[in-house]
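Engineer: I have a structure here, written as structure tokens, and I will follow up with some questions on it.
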Amino acid sequence: MTYSVKLTPRVAPVQARARQRVADILDAAQVLLETDAKVTTSTIAAQAQIPVGSIYRYFPNVHSVYRNLFEKLSVCLREQIAIVISKTDSEESWDVLLQEILNNSIVFFQHNPAYGKLLFGNATPGLDTVKRETVSLLSTQLAERWRAGHDGFHDGDVDDVSRMASRLFTFVEQCYFEQNGDHRDAVSVVEAVKALQAYLSIYLTPASQGS
């Protein structure tokens with residue numbers, strides 16, 4: 001489906017003051033999402049304590065704010081994951097690194113519930129594009145690690161396995177945000193993590209068996 005809604009910012013912020021104004025707008029939208037408040041350009045402006053016109057200077061509509069906020073949060077999460085994936089000199093096995101990724105992600109989810117709200121925002125134009133881009137980024141990071149000979153990758157196509165692993169990680173995210181209460185111990189989250197671990201165990205070798 002092709003959307004005609006404009007999603008790209010009207011003006012790319014260059015000066016420090018402009019970048020701060022955009023950051024304030026995105027922060028305000030995040031606060032409103034996380035408190036289940038109504039999100040409009042007016043409420044964003046009130047939360048950020050800026051004129052409504054300042055929002056329209058940088059964003060054509062609320063959909064554009066959502067898309068850029070989701071992109072910001074997704075990049076932040078994937079950067080945290082990339083730090084763990086880049087531990088190429090570590091003696092830790094892949095399953096220990098995976099647990100570190102999951103632990104860091106859960107902390108991120110807890111501190112950024114707006115990420116989950118946007119993750120399920122299928123009715124908002126542009127969010128699916130960001131989801132595909134973030135899955136692709138994680139897939140590329142995993143593929144690069146395995147092509148470099150880490151984690152004892154074997155018996156599979158690196159690109160296919162990295163793409164599937166990235167999609168399974170997204171499924172873990174979805175299960176987490178579908179739950180109420182104690183997300184970490186929710187049955188669906190535990191089972192989704194088991195599925196990811198079982199899939200990776202087919203193609204990756206524990207460090208103790210890799211020598």
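The values are calculated or read from the model by the stated rules, or taken from the named source; none is laboratory data. Remember, predicted model here, so these are calculated numbers, not experimental data. A quick note on method: Cβ atoms are made from the backbone with ideal geometry, for glycine too, and the neighbour counts reach across all protein chains shown. Surface areas here come from the heavy atoms of the whole protein model, side chains and all, with no ligands, DNA or RNA. Shrake-Rupley method; radii C 1.70, N 1.55, O 1.52, S 1.80 Å.
A quick yes/no check of all residues on (1) under 12 Å from the mean Cα position of the chain (by Cα); (2) assigned to a loop (DSSP other than H, G, I, E, B):
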position	(1), (2)
Val65	no, no
Phe70	yes, no
Val75	yes, no
Glu79	yes, no
Thr88	no, yes
Leu97	no, no
Glu100	no, no
Asn103	no, no
Ile106	yes, no
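Engineer: Considering only residues that are over 16 Å from Val84 (Cα atoms) and in a helix (DSSP H, G or I), which ones fall in the stretch 135-166?
Structural biologist: Hits for the stretch 135-166 are Val135, Ser136, Arg147, Gly152, Val158, Asp159, Asp160, Val161, Arg163, Met164.
Engineer: Give the residue that is least open to solvent (accessible area, probe 1.4 Å), with candidates limited to residues of the stretch 46-76 that are free of Cβ contacts under 8 Å to residues at least 40 places away in the same chain and touching a Ser or Thr at 6+ places or on another chain (Cβ under 7 Å).
Structural biologist: Ile55
Engineer: Continuing with the same structure: Being open to solvent by 50 Å² or more (accessible area, probe 1.4 Å), among the polar types (S, T, N, Q) and modelled with pLDDT of 90 or more is the requirement here; does Asn104 meet it? Give the steps one after another, and end with the answer.
Structural biologist: Details: open to solvent by 50 Å² or more (accessible area, probe 1.4 Å): yes; among the polar types (S, T, N, Q): yes; modelled with pLDDT of 90 or more: yes.
So Asn104 passes the test.
Engineer: For the stretch 1-62, which helices (runs of 4 or more DSSP H) that fit wholly inside it have 3 or more residues that are charged (D, E, K, R), within 23 Å of the chain's Cα centre (by Cα) and modelled with pLDDT of 90 or more?
Structural biologist: 16-34
Engineer: If we scan the stretch 120-129, do we find a residue that is part of a helix (DSSP H, G or I) and surrounded by fewer than 20 Cβ atoms within 10 Å (Cβ to Cβ)?
Structural biologist: yes
Engineer: Okay, next question. As an exercise: evaluate Gly210 against (1) modelled with pLDDT of 75 or more; (2) closer than 14 Å to Asp95 by Cβ and give the number of the one condition it does not meet.
Structural biologist: For Gly210, the exception is condition (1).
Engineer: Could you check, for the stretch 32-43, whether at least one of its residues is in contact (Cβ under 8 Å) with a residue 40 or more places away in the chain and crowded, with 20+ Cβ neighbours inside 10 Å?
Structural biologist: Here is the first cut: in the stretch 32-43, the ones in contact (Cβ under 8 Å) with a residue 40 or more places away in the chain are 33-34.
Restricting the remaining residues to those that are crowded, with 20+ Cβ neighbours inside 10 Å gives 33.
Scanning the stretch 32-43, I find at least one residue that is in contact (Cβ under 8 Å) with a residue 40 or more places away in the chain and crowded, with 20+ Cβ neighbours inside 10 Å, so the answer is yes.
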